[in-house]
Each structure stands twice: as structure tokens, then as C-alpha cells.
Amino acid sequence: MNYKILVNRENKIPGNFKINLVDVNSKYKKGILLEEKVYQQFKKMQKDAKTQNFEIEVESGYRTHSYQEKLYKDLIDKKGIDYAKKYIAPPFTSEHETGLALDFCIYDNGKYIIEHDTKHLEATKWIINNCDKYGFILRYPLNKEGITGYNHEPWHLRYVGDLAPLLNKNNLTLEEYYDNF
């Protein structure tokens, strides 16, 4: 399994890409799937987050190509093509279609906090500062929009395995890694 695969608008998911998906049993929503090792590593991070009194869950995981297409078209219909290009990948170019990416949510004070609302939470800061220990990177960091092609998403993690500490230490995106190494 190539956990270091670069997927973006210019690098579509290869036709021979195979994954072993498992149900993550998220308390947030039923039926969320991730690649098996990604889920195992998330569970470790989730357990360690709990020791810091942070309760994290998977809010979104694997998406089929047809579901990604529906999300993309729906956003275009609602907000227009220019907006959609900043916030969602066309089908065959989304990391969610690999099973290697997840959006996390935080359970706090009896409710789930998702996406933009997680931005300034201590739990989010802990996740961003520690995710590389579990093989994850913050895929769309602040001030890297021109490189990744997407707006900052502090809730979107990508599993890259043993590459994560190098990327984190050097403040590199996957695009920068592939451009320089």
C-alpha cells in the first residue's frame, strides 16, 4: 500500500489503486469507512487524545467516486464553480476516495463540533501538534492554499505513515515534498 500517494487535481487516483476498508464505528455517524491501517492509527490517536480529556471521532472518511461527484455537483449548484474549486475536489481527485483521509470532529459539552467550528479548539491544536506521531499530517494547512489548491481545513487529516514526522518538522505539504525530494 502506497500511503505516500499524492492525490490532487493534477494527480488523479490510479485505476489500479486498491484499499482494504473497515468500518470505524464512529459515534458521530454510522457507516464511515477508512483504510484498515489508517483506522488503527486513528484509534491510537483517539485513545491518547482521551488522556488529554479530548474526545475525537471520525466525521468523514472514504467516499465513492459517485458520492464525491454528487458532493462536487451539489456545491457547484449551491455556491458556484469558483467556490466549489476551493473547497471540494472533483471525482477521482479527492483523498477521501483513497480511504487515507479523514475529517475529524470533537465531542464537547454534549455535542459534536465539526469543520470550521473546530478551528480554535484546544483539542484541534493538540491533534495538529501530535498527529504526525500516528502517521497523519494536516493536509491543508494555513498559508499553503496556493500550494495545495484548497483553503485551510484544520479538520482534514491525511495518513502518510512514516513520512509524517518529516513533513511536520519541515512544515511541508505533500506537494512540496514531491517537488523537492
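Taken together, the values in this text are just the output of simple stated rules run on the coordinates, not laboratory data. Model, not experiment: these values are computed from the prediction. Note that we place each Cβ from the backbone using ideal geometry, even for glycine, and neighbour counts take in every protein chain shown.
Here E10, E122, E176, E57 are placed in order of increasing Cβ neighbour count within 10 Å, fewest first, which gives E10, E122, E176, E57. Here the sum of -39500 (n - 2.57) over DSSP H runs of 4 or more residues, divided by the residues of the chain, equals -10000 deg cm²/dmol at 222 nm, to the nearest 500. Here K85, K78 are placed in order of increasing Cβ neighbour count within 10 Å, fewest first, which gives K78, K85. For I113, the shell of other residues with beta-carbons less than 15 Å away shows a net charge of -4, using +1 for Lys and Arg and -1 for Asp and Glu. From the coordinates of this entry, volume of the Cα convex hull per residue in Å³ is computed, and it appears in (1) 121; (2) 145; (3) 103 under the label (1). Since only G161, Y39, P14 are under comparison, the one whose Cα sits farthest along the positive direction of the charge dipole of the chain, derived from C-beta charges on Lys, Arg, Asp and Glu, is Y39.
Between the C-alpha center of the stretch 31-65 and that of the stretch 104-167 there is a gap of 12 Å.
Does the stretch 110-181 classify as rounded, prolate or oblate by the C-alpha gyration tensor (a ≥ b ≥ c root eigenvalues; a/c under 1.5 gives rounded; else a/b over b/c gives prolate, otherwise oblate)?
oblate
Please give the peptides 42-55, 146-159 ranked by average Cβ packing (other Cβ atoms within 10 Å per residue), highest first, as a rough proxy for protection.
Ranked from most to least packed, the peptides come out as 146-159, 42-55.
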